[in-house]
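*Asks:* I am attaching a structure below and will ask some questions about it afterwards.
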Number of protein chains: 2
Amino acid sequence: MTTMKDIAKVLGLNESTVSRALNNHPYVRPETREKVMEAARRMNYRPNTLARSLATSRSYVVGLVISNIANLFFAEVTKGIEEVADAHGYSVILCDTGRNPAKELKYLDLLARRQVDGIIFMSGRLPAHVVAAIKQQSCPVVTISRDGTRHGIPTVRINNRAEAAKATRYLINLGHRRIGFISGQLDDAESGLPRLEGYRAALEESGIEFDPAIVQEGDFRMESGMRACARIMQAAPRPTAIFAANDEMAIGAMKTLSQLGFKVPADVAVIGFDDTAFATVVTPPLTTIAQPLRMLGTSAMEMLLKLMAGQRLAEIETVLECQLVVRASCGGTGL
Amino acid sequence: MTTMKDIAKVLGLNESTVSRALNNHPYVRPETREKVMEAARRMNYRPNTLARSLATSRSYVVGLVISNIANLFFAEVTKGIEEVADAHGYSVILCDTGRNPAKELKYLDLLARRQVDGIIFMSGRLPAHVVAAIKQQSCPVVTISRDGTRHGIPTVRINNRAEAAKATRYLINLGHRRIGFISGQLDDAESGLPRLEGYRAALEESGIEFDPAIVQEGDFRMESGMRACARIMQAAPRPTAIFAANDEMAIGAMKTLSQLGFKVPADVAVIGFDDTAFATVVTPPLTTIAQPLRMLGTSAMEMLLKLMAGQRLAEIETVLECQLVVRASCGGTGL
DNA sequence: ACTTAGTCTGCAAGCGCTTGCAGAAAGCTG
DNA sequence: CAGCTTTCTGCAAGCGCTTGCAGACTAAGT
């Protein structure tokens with residue numbers, strides 16, 4: 001590998017001049033700069049980022065701590081992050097925790113050792129010890145869809161409560177009065193619980209009474225949606241619509257409905273939440289609340305860029321709006 | 001940040017002794033080692049990986065160059081890679097090219113500057129200039145599902161031809177004689193073309209004549225599967241089964257079939273290829289050739305580990321076996 | 001002609017760590 | 001106890017780059 005020293009030696013210059021030439025320092029004579037550039041090209045010079053980082057204390061690397069890259073939801077967000085990171089000269093180190101809290105801590109430590117300039121955290125809850133680990137990082141950290149804000153950690157998220165209400169209201173406006181709900185884990189204060197609250201709030205708004213018999217807890221996975229739906233359909237009177245707290249459970253519900261001989265949307269309307277790629281693949285295509293997945297990533301990375309540049313954030317939290325995407329699973333197009 | 005020098009100063013030792021103590025060098029007195037460890041803990045010492053890498057010329061970072069992380073296929077492979085990388089102390093830098101050839105080259109260069117110890121390349125074709133860029137890397141490179149082998153680049157892949165034949169044979173054994181095929185891009189010599197060849201080979205084996213009217217080219221995306229299927233179903237006699245070169249196109253085909261009023265599998269059996277998460281989500285669940293996605297990743301990473309350790313590979317290429325996963329889209333369970 | 005400001009380059013130290021070499025101390029052997 | 005090996009620690013150089021400082025030289029202002 002050729003180094004700056006090599007170039008300097010060949011040209012009879014000092015290493016520091018070479019450095020300045022290569023880095024567009026103003027005070028370097030145009031012809032020496034050109035000579036240096038030319039030599040660099042000719043000698044196939046590639047700057048050693050490690051050395052540079054060591055000298056400047058800027059690595060231009062960010063860490064991404066994520067639950068599961070094989071999950072469409074996270075993969076999509078990751079795409080957004082990588083995109084703007086790259087556009088600004090940053091590389092991203094991928095840390096997949098598999099929801100293992102021990103790994104979350106381990107990765108946080110690892111990233112610190114690797115001298116990353118910033119971290120995006122999107123894995124698991126934020127128990128005290130994780131918050132502590134985040135706080136003691138010497139680089140900025142932003143969380144996505146986590147309750148970071150209450151701990152003073154910059155966050156980008158959606159308003160789960162409001163968006164769930166939006167979905168419910170859509171069904172109500174379609175004429176449904178008996179609406180089942182399949183929730184996520186209710187001990188999940190970030191997306192599980194608030195979506196249920198939004199559902200309840202929308203019902204209340206319209207004077208529809210809440211019936212626990214047609215709300216069932218799931219775990220955001222398809223199978224749990226199937227089971228929950230089966231329980232819900234035993235209630236009398238049966239619901240004419242089902243709102244699932246994410247697409248996978250909605251799809252599970254559709255499967256169960258079809259097994260039970262119900263047609264979607266003719267007999268039962270189904271609406272989901274997230275708008276991952278699954279929503280378009282299933283038949284009928286799923287009407288759903290579209291989280292701006294990609295934008296969750298880009299916004300978080302942009303936030304991080306500001307922080308890494310030493311700027312203060314105008315708002316510690318960015319709340320993104322979701323879009324109701326009407327496909328076929330609820331029939332009519334609504335209002 | 002506390003450094004080794006700090007620890008050394010506090011304990012009245014030399015930096016080098018601290019280094020050796022921390023790195024389990026044999027020649028260091030147990031009590032000094034213990035003192036160092038204790039001080040490191042107390043002072044909250046975190047080794048600076050960058051500095052270490054600079055001194056040792058080992059970064060313990062690998063680069064992953066990939067087409068699109070938001071694609072389930074790649075995401076799943078990535079998961080496998082990250083898993084074994086982490087287990088061996090390596091971090092992975094994610095490089096999403098979006099199939100942009102310019103970005104492929106850019107990332108290859110970037111990774112070299114970042115002094116990665118190895119690269120896994122899984123993006124686009126391998127035209128001469130990319131091969132050249134790979135060859136001139138000073139670290140080992142392995143490709144996944146690319147025709148790297150012919151250029152002497154270590155590769156892990158599946159036997160697309162044989163696996164496609166397996167799928168076709170399955171349909172034949174189910175009694176189908178009129179089998180449509182939706183191919184990938186035929187200029188894709190790695191997975192597009194060979195799957196068609198496998199299809200043809202299996203037909204020939206059974207003395208079924210190849211009918212171009214019922215094989216249509218797609219581009220591996222759902223919409224292309226829909227269009228291709230529509231064309232295929234115009235042929236007379238109509239096929240009783242369709243083999244699509246990947247799951248997404250198979251699902252597209254199922255959509256079209258259902259629009260045309262055909263039942264799957266009663267009227268037309270459908271089989272896919274890949275076994276991404278889509279296959280289980282769709283109704284009926286898709287029978288498909290399951291690529292060992294995760295293992296493609298783990299094998300590639302293991303291969304890379306060997307190379308990075310300076311070992312020679314017994315085989316420059318690893319060919320993984322696929323599994324036929326029988327679900328409902330072809331009806332019967334076969335033989 | 002003389003200061004002053006501005007442009008260009010080199011020197012040297014430093015980023016935080018590793019490692020070969022050498023010397024000191026301790027443990028063996030005969 | 002001389003001589004040898006083994007264990008332990010320090011010294012110093014080095015990984016490849018950046019950057020403050022100072023000196024040299026040029027251009028300009030009075």
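For (1) among the polar types (S, T, N, Q); (2) within 20 Å of A:F273 (Cα to Cα); (3) assigned to a loop (DSSP other than H, G, I, E, B), each residue gets a yes or a no:
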position: A:G124; (1), (2), (3): no, yes, yes
position: A:H129; (1), (2), (3): no, no, no
position: A:S138; (1), (2), (3): yes, no, yes
position: A:D147; (1), (2), (3): no, yes, yes
position: A:R150; (1), (2), (3): no, no, no
position: A:I153; (1), (2), (3): no, no, yes
position: A:A162; (1), (2), (3): no, yes, no
position: A:A165; (1), (2), (3): no, yes, no
position: A:L171; (1), (2), (3): no, yes, no
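*Asks:* Moving on. Mind telling me which of the residues B:E76, B:E104, B:E83 ends up being away from DNA strand C (no atom under 16 Å from the Cβ), out of contact with any strand residue (DSSP E or B) (no Cβ under 8 Å at 6 or more places or on another chain) and in contact (Cβ under 8 Å) with a residue 24 or more places away in the chain?
*Replies:* Residue meeting the stated conditions: B:E76.
*Asks:* Still on this structure: Across segment B:271-303, which residue is farthest from B:F121 (Cα to Cα) among those that are in a loop (DSSP other than H, G, I, E, B) and touching a residue at least 60 places away in the same chain (Cβ under 8 Å)?
*Replies:* B:A277
*Asks:* Right, next: Given the residues B:G252, B:G331, B:G310, B:G261, which is the only one that is touching a Lys or Arg at 6+ places or on another chain (Cβ under 8 Å) and among the small types (G, A, S)?
*Replies:* None of the other options fit; the residue is B:G252.
*Asks:* Take A:F181 and decide whether it is under 30 Å from B:K103 (Cβ atoms) and more than 14 Å from chain B (Cβ to nearest Cβ).
*Replies:* no
*Asks:* Taking segment B:250-276 as the search range and keeping residues that are small (G, A, S) and open to solvent by less than 40 Å² (accessible area, probe 1.4 Å), which one is farthest from B:A70 (Cα to Cα)?
*Replies:* B:A269
*Asks:* Moving to a separate point now. The conditions are (1) open to solvent by less than 40 Å² (accessible area, probe 1.4 Å); (2) on the phi > 0 side of the Ramachandran plot, and A:A300 fails exactly one of them. Which is it?
*Replies:* Among (1) open to solvent by less than 40 Å² (accessible area, probe 1.4 Å); (2) on the phi > 0 side of the Ramachandran plot, the lone unmet condition for A:A300 is (2).
*Asks:* Oh, and also: Quick check, is B:T256 in a strand (DSSP E or B) and either within 26 Å of the chain's Cα centre (by Cα) or β-branched (V, I, T) (or both)?
*Replies:* no
For (1) in contact with a Cys (Cβ under 7 Å, 6 or more places away or on another chain); (2) outside the structural domain of B:I242 (by TED's automatic domain parsing); (3) open to solvent by less than 30 Å² (accessible area, probe 1.4 Å), each residue gets a yes or a no:
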{"position": "B:H129", "(1), (2), (3)": "no, yes, no"}
{"position": "B:Q137", "(1), (2), (3)": "no, yes, yes"}
{"position": "B:P140", "(1), (2), (3)": "no, yes, no"}
{"position": "B:G148", "(1), (2), (3)": "no, yes, yes"}
{"position": "B:I153", "(1), (2), (3)": "no, yes, yes"}
{"position": "B:S183", "(1), (2), (3)": "no, no, yes"}
{"position": "B:A189", "(1), (2), (3)": "no, no, no"}
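*Asks:* Kindly indicate which of B:C330, B:C322 is open to solvent by less than 40 Å² (accessible area, probe 1.4 Å) and touching a Ser or Thr at 6+ places or on another chain (Cβ under 8 Å).
*Replies:* B:C330 is the lone residue from the list that is open to solvent by less than 40 Å² (accessible area, probe 1.4 Å) and touching a Ser or Thr at 6+ places or on another chain (Cβ under 8 Å).
*Asks:* May I ask you to list pairs of residues, at least six apart or on different chains, whose Cβ atoms are under 8 Å apart, with the first in segment A:201-227 being part of a helix (DSSP H, G or I) and the second being open to solvent by less than 40 Å² (accessible area, probe 1.4 Å) and at pLDDT below 90?
*Replies:* The qualifying pairs are A:A213/A:A235; A:I214/A:A235.
*Asks:* Could you list, ordered by first residue, the pairs with Cβ atoms under 7 Å in which the first is in segment B:258-270 and over 21 Å from B:V325 (Cβ atoms) and the second is assigned to a loop (DSSP other than H, G, I, E, B) and at pLDDT 90 or above, at least 6 apart or interchain?
*Replies:* B:L260/B:M233; B:F262/B:V268
*Asks:* Within the bounds of segment A:154-167, is there any residue that is farther than 13 Å from A:V319 by Cβ and of a type in the set (V, I, T)?
*Replies:* Looking through segment A:154-167, none of the residues is farther than 13 Å from A:V319 by Cβ and of a type in the set (V, I, T).
*Asks:* Select from segment A:1-30 the residues that are within 7 Å of DNA strand C (Cβ to nearest atom), more than 45 Å from the chain's Cα centre (by Cα) and of a type outside the set (A, V, I, L, M) and write down the one among them that is surrounded by the most Cβ atoms within 10 Å (Cβ to Cβ).
*Replies:* The qualifying residue surrounded by the most Cβ atoms within 10 Å (Cβ to Cβ) is A:N14.
*Asks:* Touching a Pro at 6+ places or on another chain (Cβ under 7 Å) and within 14 Å of chain B (Cβ to nearest Cβ), is that true of A:V264?
*Replies:* The answer is yes for A:V264.
*Asks:* From the set of residues in segment A:49-80 that are aliphatic (A, V, I, L, M) and touching a Lys or Arg at 6+ places or on another chain (Cβ under 6 Å), which is most open to solvent (accessible area, probe 1.4 Å)?
*Replies:* A:A70
*Asks:* Can you give me the ranges of the helices (runs of 4 or more DSSP H) entirely in segment A:1-114 with at least 2 residues that are more than 14 Å from chain B (Cβ to nearest Cβ) and within 16 Å of DNA strand D (Cβ to nearest atom)?
*Replies:* A:4-11, A:15-22, A:30-42
*Asks:* Still on this structure, please answer the following. Open to solvent by 50 Å² or more (accessible area, probe 1.4 Å), part of a helix (DSSP H, G or I), out of contact with any Ser or Thr (no Cβ under 9 Å at 6 or more places or on another chain) and within 14 Å of another protein chain (Cβ to nearest Cβ) - does that describe any residue in segment B:304-312?
*Replies:* No, that holds for no residue.
The values are calculated or read from the model by the stated rules, or taken from the named source; none is laboratory data. Model, not experiment: these values are computed from the prediction. Counting neighbours? That spans all protein chains shown, and the Cβs are built from the backbone with ideal geometry, glycine included. Just so you know, the surface numbers come from the protein's heavy atoms only, side chains and all, with ligands and any DNA or RNA stripped out. Shrake-Rupley method; radii C 1.70, N 1.55, O 1.52, S 1.80 Å.
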